[in-house]
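Here, each number is a calculation from the coordinates, and none is a lab measurement. Just so it is clear, the model here is predicted, and its values are computed rather than measured. Cβ atoms come from the backbone with ideal geometry, glycine included; neighbour counts cover every protein chain shown.
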Amino acid sequence: MEGEPIAIPEFLQECPNVSTSGVSSNLQDDTNAAVTELATREPSNSQYTLAEMLQSPRATSPWDGNYVADKYRNIIQDVIEELSALVKPPCVGRLTLDDIYIVNDRAKININILNPSNTENLPTYRDEFRTLVTKILGSDNSTSVELKHFYHMVDKTQVALGDLLHHPLLMSSNERLYFPIDAIPELQSKTGDAWKGTYNDGKKIDIETTIVTSTCDPAFKSFYEKDKAKYPDNALGVLDYSRDIISHPKQINSEKVLEEGLTSLFPKRLTYLYDFLRGKGIRMQSIIQSRRAES
């Protein structure tokens, strides 16, 4: 009734603020506004869940071209953060699209359903997360190299869910562009030049043919041909080429064109670097955090 206070779901009152950038510092105000808006809907739609968002006729695509759209990227990151912070051993329980609430395009898990006392025959939260993301982004039969790699990482139990927060699939355009630039100094500080000898996995990558025959901006070709002898046909050559052309932004006027061009030319370059850094025990957070703060 008019004038009657809106009942805010208890779990939203108790949840800590999401730490990812972009969330209002006053979650209570955000929640009040969101619940007030929700109260004007029909009773059957009184709860704004992720399931309802995806099923809405106004739902937007989770993809922006070949990249995860910002809204969905933020939602998946929020779920990862909350699972990492709130789930306790043995890390089993149900988690569905109906258990995730959306407040100002950010996700909050209903903490009342987490860590059930009776854990018999329950799936792991990792498996539930895998199913949830598949319902958002689609199956790993996709042609997206990074989506397949992301699912592969989710399926590897030795990879902490928190490590997926900074997976290339969930990086912003700015983070993706500068990932090689920021990673190389970190590698140098840990191992000196020794990492260069192990970065090459032995697979040949015909850099020249890849660039020359592509439909990317001609500047990619002209930049390569200026000093192509310094780029061996392997993963290290790809990394060095990426670093060098990113370090000379005047070659290509748009950072967006630059990042998308590099990804089109070498679709595995970021996932390969991600795997290499993990293998060296270097956490993505130390590399990506400053860029994420700028986004």
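Observations on the model:
- Segment 173-295 shape via C-alpha gyration tensor axes, a/c threshold 1.5: oblate
- Long-range tail of P(r) for segment 46-110 (Cα pairs > 19 Å, %): 34
- Taking every Cα-Cα distance in segment 63-170 and sorting them into 10 Å bins starting at zero, the pair-distance distribution P(r) comes out as 14, 50, 31, 6, 0 percent.
- Judged by the mean number of other Cβ atoms found within 10 Å, the most tightly packed of the peptides 71-84, 219-232 leads the ranking 71-84, 219-232.
- Among the listed pairs LYS196/LYS230; LYS204/LYS230; LYS156/LYS203; LYS88/LYS280, those beyond 19 Å (Cα-Cα): LYS156/LYS203; LYS88/LYS280
- FRET efficiency, 1/(1 + (r/R0)^6) with R0 41 Å, evaluated for SER189 and GLN55 via beta carbons: 0.30
- Pairs of Cα atoms nearer than 8 Å and 6+ residues apart set the relative contact order; for segment 177-273 it is 36 percent.
- When the Cα convex hull of segment 227-295 is projected onto planes of every orientation, the mean area is 5.5 nm².
- A compact globular protein would have a Cα radius of gyration near 2.2 N^0.38 Å; the ratio found for segment 170-244 is 1.18.
- Coupling constants for segment 252-266 follow from the phi torsions by the Karplus curve (6.51 cos²θ - 1.76 cosθ + 1.60, θ = phi - 60°), and in residue order they are 10, 5, 10, 5, 5, 5, 5, 5, 5, x, 4, 5, 5, 5, 10 Hz; glycine and proline get x.
- Remark on VAL103: its backbone amide H falls under 5 Å from those of LYS108, a criterion applied only to residues 5 or more positions apart or on other chains, H modelled at 1.01 Å from N.
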